[in-house]
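This report refers to the structure that appears directly beneath it.
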Amino acid sequence: MIDLRALREHPDAYRDSQRKRGASPDAVDALLSADAEHRSALQSFESLRAEQKGLGKRIAGAAAEEKQALLERTKTLAAEVKEAEARVTATAAAFEAAGKAIPNLVADEAPAGGEDDYVVLREVGERTKIEDPKDHLELGTALGLLDTERGAKVSGSRFYYLTGDGALLQLAMLNLAMQQAVETGFMPMIPPVLVRPDAMEGTGFLGEHADEIYYLERDEQYLVGTSEVPLAAYHSGENLGELTQPRRYAGWSSCFRREAGSYGKDTRGIIRVHQFDKVEMFSYCRPEDAAAEHEQLLSYEERMLQKMELPYRVIDVAAGDLGTSASRKFDCEAWVPTQGRYRELTSTSNCTTFQARRLNVKYRDEQGRNQVAATLNGTLATTRWIVAILENHQLPDGTVAVPKALQPYLGKEVLEPKK
RNA sequence: GGAGGAUUCGCAUAGUGGCCUAGUGCGCCCGCCUGCUAAGCGGGUUUCGGGUGAUACCCGAUCGCGGGUUCAAAUCCCGCAUCCUCCGCCA
């Protein structure tokens with residue numbers, strides 16, 4: 001939810017933001033007029049209601065015959081109040097719908113445009129050069145690390161088993177991510193992955209991404225696509241106090257995505273799957289600290305990628321590709337040798353006050369007033385990283401070197417076929 | 001799956017149609033008193049919205065959520081949610 005007061009005062013900033021996303025600035029004017037209508041309905045209701053309450057008080061203490069006269073009067077008034085209230089309800093619904101139609105205000109620094117208008121901030125490491133590289137599926141299958149055929153047999157396409165060292169490799173990576181998170185001040189969390197509608201709604205995932213989400217109709221619960229959802233909803237309706245330091249959480253969870261509309265894309269291997277595991281960083285902080293915290297989250301992502309010894313680049317995602325809640329987003333993309341291009345491994349978003357306003361997460365400022373907090377999230381490791389690890393660290397004989405940072409967790413330096 | 005109980009201000013509680021403008025205690029904030037500390041005394045303290053670019057003032061909403069009855073609902077009625085207890089079933 002955007003800041004309505006700010007929108008009233010600076011509607012042009014929001015119109016510009018809409019244009020930058022490639023969305024219509026008319027939505028801003030629709031909201032402004034819905035707001036005006038709602039407020040005028042509210043005012044007429046409130047004055048009628050005030051009169052009704054005043055009369056009610058007089059009736060309580062009135063003598064018998066005066067009481068009769070007053071009762072006559074209040075009966076018609078009651079009808080008017082009811083009608084005014086109905087108008088308030090109707091205009092409020094229209095107003096809310098208009099409000100939800102507007103995504104977060106895009107940061108000034110974010111590039112304008114769509115998916116292909118990102119700006120490359122830096123490239124780190126040398127693009128791996130391998131003669132005749134094998135892809136992760138071929139490597140993983142040969143080494144007994146993953147089994148997509150049986151994944152499909154049991155669950156359908158885009159499902160897989162991580163087997164043997166493959167399972168251990170993922171655990172090693174996620175454990176390392178958790179350890180790094182704890183070292184950098186994150187509270188480790190294993191959250192629920194089934195959530196109620198208000199949690200999903202509050203994090204802004206029921207808008208344009210509704211098709212992406214698994215929904216369990218019998219139980220009215222959603223399977224989360226990221227632990228961002230339960231971590232954001234964790235403090236919903238709460239006041240976090242002074243919040244002089246960011247409040248940081250690291251969630252380890254399975255994630256579920258329907259991948260509707262991605263037919264034919266990345267059908268080979270485990271790049272795009274319906275279920276994967278992830279360690280996600282999540283921060284609550286003051287809005288004025290959010291940009292700095294965003295840089296911090298990005299640096300932690302890069303630290304993890306460097307521990308995996310992967311060549312990657314950092315992109316500043318363009319406004320049109322931001323998603324509803326984000327005002328700015330950085331992706332880290334690792335080099336994938338068999339594809340000859342960079343693929344997204346991490347994503348960190350600054351949602352400013354957009355999520356927290358919906359979820360009603362506050363803090364107390366120096367004057368003791370309640371203010372809306374800012375929220376940020378970022379990826380610290382996911383199943384997809386295995387793709388980049390296998391492909392970049394493959395050796396000519398078909399084995400895969402284990403990055404040094406993972407060796408203590410995995411107990412071996414090379415992944416070899418089972419004898 | 002079934003039965004019962006609960007849900008009121010940060011916490012604990014009072015409140016069974018109009019004197020609720022939701023009381024009290026604790027906590028917290030401000031002040032007074034005061035060698036120091038503690039205690040004591042006085043005042044303040046739900047949240048959201050509007051008037052309104054406002055920490056004052058006024059108005060409205062808000063007693064888990066949504067409906068209903070009524071001139072009037074924390075209070076009565078219906079539905080739902082969550083938590084607790086018990087019974088049944090179960091990995």
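The values are calculated or read from the model by the stated rules, or taken from the named source; none is laboratory data. Nothing here was measured: the structure is a model prediction, and the numbers come from that model. Because the Cβ atoms are built from the backbone with ideal geometry, glycine has one as well, and the counts that use them run over all protein chains shown.
Assorted remarks:
- Considering residues of the range A:23-41 that are buried (at least 16 other Cβ atoms within 10 Å of the Cβ) and near RNA strand B (Cβ under 9 Å from one of its atoms) only, the residue nearest to A:Leu322 (Cα to Cα): A:Asp35
- No other residue among A:Leu322, A:Leu310, A:Leu298 is under 17 Å from A:Pro103 (Cβ atoms) and in the same structural domain as A:Val182 (by TED's automatic domain parsing) apart from A:Leu322.
- Failed criterion for A:Arg303 (all others in (1) part of a helix (DSSP H, G or I); (2) charged (D, E, K, R); (3) surrounded by 18 or more Cβ atoms within 10 Å (Cβ to Cβ) hold): (3)
- Any hit, the range A:52-60, residues being more than 10 Å from RNA strand B (Cβ to nearest atom) and either assigned to a helix (DSSP H, G or I) or of a type in the set (D, E, K, R) (or both): no
- Whichever residue in the range A:390-410 is in contact with a helix residue (DSSP H, G or I) (Cβ under 8 Å, 6 or more places away or on another chain) and in a loop (DSSP other than H, G, I, E, B) and, among such residues, is modelled with the lowest pLDDT: A:Gly398
- A:Leu359 being touching a residue at least 12 places away in the same chain (Cβ under 8 Å), assigned by TED's automatic domain parsing to the domain that holds A:Phe276 and under 15 Å from the mean Cα position of the chain (by Cα): yes
- Helices (runs of 4 or more DSSP H) lying entirely in the range A:70-186 (those with 3 or more residues that are away from RNA strand B (no atom under 16 Å from the Cβ), among the acidic types (Asp, Glu) and surrounded by 17 or more Cβ atoms within 10 Å (Cβ to Cβ)): none
- Residues of the range A:353-382 that are of a type outside the set (D, E, K, R) and in contact with a helix residue (DSSP H, G or I) (Cβ under 6 Å, 6 or more places away or on another chain): A:Thr353, A:Gln355, A:Leu359, A:Val372, A:Ala373, A:Ala374, A:Thr375, A:Leu376, A:Asn377, A:Gly378, A:Leu380, A:Ala381.
- Within the set A:Arg286, A:Arg248, the sole residue that is at pLDDT 90 or above, away from RNA strand B (no atom under 16 Å from the Cβ), in the same structural domain as A:Cys351 (by TED's automatic domain parsing) and among the basic types (Lys, Arg) turns out to be A:Arg248.
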